Amino acid sequence: HCTSIHGDRAEVGSSAYAMAKAAINQYCRGLALELAEKNILVNAVAPGFIRTAMSVVNGVSELDGEWFKQNYVTGGHLALRRAGLPEEVAGVFYFLAGPDATYITGQVITVDGGLTITFRAESPIASQPLAFLSPASPARLSASRPPSAGDARSGFGAPVRSPAGAYLSRRTLAETHPSLAAR
């Protein structure tokens, strides 16, 4: 099966596409269980940005555009700093169909140049840094649980509730994780 990284990732305006890809991922897992006793292997490949006709919009490849370069190449959101080639994805399918993959089943193999291993601390809607991850923020995400008596002893200060419902601490990222704040 060919799926997409969107099977595990959300993007504004792509919920139907992401749902369809997530369904393929789960179908792969379920089918692998159902066919295992017949020694039939079922896997899927989830490509990221690959130079295909799908990346061409209005006659121009989005992978050659300034937006892609700023966000993914120079912006550090794509570890290998380039889009993939169709033959790189085909190689994974070839491997999965070969004799070296006879103990792999029910897996979704991601081929994305490291896109899904990077951390993007931005809001996908407003493209602004999330307040609870900003070193200058007055609040830092502490826990997704109500405050308890232990919070006063932890040094995190009195937790407050964010508009989204998460519990926050008044300590900043710089105080709790100086190595991250220095980046």
Open item on the list: Restricting to region 90-120, count the residues that are of a type outside the set (Asp, Glu), out of contact with any Ser or Thr (no Cβ under 8 Å at 6 or more places or on another chain) and either under 18 Å from Asp8 (Cα atoms) or assigned to a loop (DSSP other than H, G, I, E, B) (or both).
Closed with: 16
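So, in region 82-99, of the ones that are over 30 Å from Glu37 (Cα atoms) and out of contact with any helix residue (DSSP H, G or I) (no Cβ under 9 Å at 6 or more places or on another chain), which residue ends up surrounded by the fewest Cβ atoms within 10 Å (Cβ to Cβ)? Write out each step before concluding.
Going residue by residue through region 82-99, those that are over 30 Å from Glu37 (Cα atoms) are 82-88.
Now restrict to residues that are out of contact with any helix residue (DSSP H, G or I) (no Cβ under 9 Å at 6 or more places or on another chain): 84-88.
Details: Gly84: 20, Leu85: 12, Pro86: 11, Glu87: 9, Glu88: 14.
Checked region 82-99; the qualifying residue surrounded by the fewest Cβ atoms within 10 Å (Cβ to Cβ) is Glu87.
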Open item on the list: Can you tell me how many residues within region 100-136 are exposed (fewer than 11 other Cβ atoms within 10 Å of the Cβ) and at pLDDT 95 or above?
Closed with: 3
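Surrounded by fewer than 17 Cβ atoms within 10 Å (Cβ to Cβ) and touching a Pro at 6+ places or on another chain (Cβ under 8 Å): is that true of Ala79 in this structure?
Numbers: surrounded by fewer than 17 Cβ atoms within 10 Å (Cβ to Cβ): yes; touching a Pro at 6+ places or on another chain (Cβ under 8 Å): no.
Considered against the rule, which asks whether it is surrounded by fewer than 17 Cβ atoms within 10 Å (Cβ to Cβ) and touching a Pro at 6+ places or on another chain (Cβ under 8 Å), Ala79 comes out as no.
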- [ ] Could you list all residues from region 47-92 that are under 14 Å from Gly113 (Cβ atoms) and small (Gly, Ala, Ser)?
- [x] Gly48, Ser55, Gly75, Gly76, Ala79, Ala83, Gly84, Gly91
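Determine whether Gly65 is more than 17 Å from Val108 (Cβ to Cβ), of a type outside the set (S, T, N, Q) and free of Cβ contacts under 8 Å to residues at least 24 places away in the same chain.
Values: more than 17 Å from Val108 (Cβ to Cβ): yes; of a type outside the set (S, T, N, Q): yes; free of Cβ contacts under 8 Å to residues at least 24 places away in the same chain: yes.
Taking the combined requirement at face value, the residue satisfies it.
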TODO: Mind counting the residues in region 35-53 that are assigned to a helix (DSSP H, G or I) and surrounded by 11 or more Cβ atoms within 10 Å (Cβ to Cβ)?
DONE: 2
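The values are calculated or read from the model by the stated rules, or taken from the named source; none is laboratory data. Keep in mind that this is a model prediction, so the values were computed, not measured. Please note: Cβ atoms are built from the backbone with ideal geometry, for glycine as well, and neighbour counts cover all protein chains shown.
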